[in-house]
Amino acid sequence: MSDNIFEQPEVGRLLFSEEEIQNCVARLAGEISNDYKDKTVLIVSVLKGAVVFLSDLIRKLTVTAEIDFMAISNYGSIDSSGVVRLLKDLDTNIQGLDVLLLEDIIDTGLSLNYLINNLKTRQPASISVCTLLDRPRRRIADIDIKYVGFQIPDIFVVGYGLDYQGKYRQLPYISELNTEPQ
Ligand code: PRP
């Protein structure tokens, strides 16, 4: 079997090409730039999946953007208990700031629900949510998502920051994960 990451049988049907993703990111950057005119937006990205999306998005924004990161250990998606542990907190004091939470994918919504509730206690001026992918079929927590790239059905996807067992985040496109033996 080839060790070329672009030729792995686990990477199945193409869902969104590099061009489609870049067009989508440009659209989202346009909407965000319009909504945060004359403001500084603090983009809070949730490690690790959202970093690829973040790096493309900020380079298309016309408003001033600062960035910070949070990391959580997510038990929620596994057992739906919603138990989330904070592994890395923000460096920034967000009191009075306009915060945009950035995700690669929202699934059950439990991770984001935890983060929003946590950040709200710090009294930011506003909190909005932007996600590249929205998979609403498994939603448990009701999240108000202001900016959505693509809605996807209940399938597992890899690429553009999304991983399978730590792999495939580096792919510039998004494909369906193929777990069928070849
Ligand atoms: C993914 C994604 C979100 C979370 C969404 O992270 O980046 O943080 O799952 O799931 P939920 O809506 O069901 O809570 P993951 O746990 O895969 O970690 P990673 O970003 O480091 O890959």
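Can you tell me which residues in the stretch 20-41 are aliphatic (A, V, I, L, M) and either buried (at least 19 other Cβ atoms within 10 Å of the Cβ) or under 17 Å from I106 (Cβ atoms) (or both)?
Keep residues of the stretch 20-41 that are aliphatic (A, V, I, L, M), which gives 21, 25-26, 28-29, 32, 41.
If the condition is that a residue be aliphatic (A, V, I, L, M) and either buried (at least 19 other Cβ atoms within 10 Å of the Cβ) or under 17 Å from I106 (Cβ atoms) (or both), then I21, V25, L28, A29, I32, V41 are the ones that fit.
Taking the conditions exactly as written (basic (K, R) and either free of Cβ contacts under 8 Å to residues at least 12 places away in the same chain or assigned to a loop (DSSP other than H, G, I, E, B) (or both)), does R169 satisfy them or not?
On the way: basic (K, R): yes; either free of Cβ contacts under 8 Å to residues at least 12 places away in the same chain or assigned to a loop (DSSP other than H, G, I, E, B) (or both): yes.
Yes, satisfied.
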**Study point:** Number of positions in the stretch 125-173 that are more than 30 Å from L97 (Cβ to Cβ), aliphatic (A, V, I, L, M) and within 13 Å of the ligand (Cβ to nearest atom)
**Key:** 3
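Looking at L110, L115, L102, which one is within 16 Å of the ligand (Cβ to nearest atom), over 25 Å from S33 (Cβ atoms) and surrounded by 20 or more Cβ atoms within 10 Å (Cβ to Cβ)? Please lay out each step first, then the result.
On the way: L115 fails: over 25 Å from S33 (Cβ atoms); L102 fails: over 25 Å from S33 (Cβ atoms).
Being within 16 Å of the ligand (Cβ to nearest atom), over 25 Å from S33 (Cβ atoms) and surrounded by 20 or more Cβ atoms within 10 Å (Cβ to Cβ) holds for just one of L110, L115, L102, which is L110.
Kindly indicate which of T64, T92 is open to solvent by 70 Å² or more (accessible area, probe 1.4 Å) and not basic (K, R). Spell out how you get there, then give the answer.
Details: T92 fails: open to solvent by 70 Å² or more (accessible area, probe 1.4 Å).
Residue meeting the stated conditions: T64.
The values are calculated or read from the model by the stated rules, or taken from the named source; none is laboratory data. Values in this document were obtained by computation on a predicted structure and should not be read as measured data. Because the Cβ atoms are built from the backbone with ideal geometry, glycine has one as well, and the counts that use them run over all protein chains shown. Heads up: the accessible areas ignore ligands, DNA and RNA and are worked out on the full protein's heavy atoms, side chains in. Shrake-Rupley method; radii C 1.70, N 1.55, O 1.52, S 1.80 Å.
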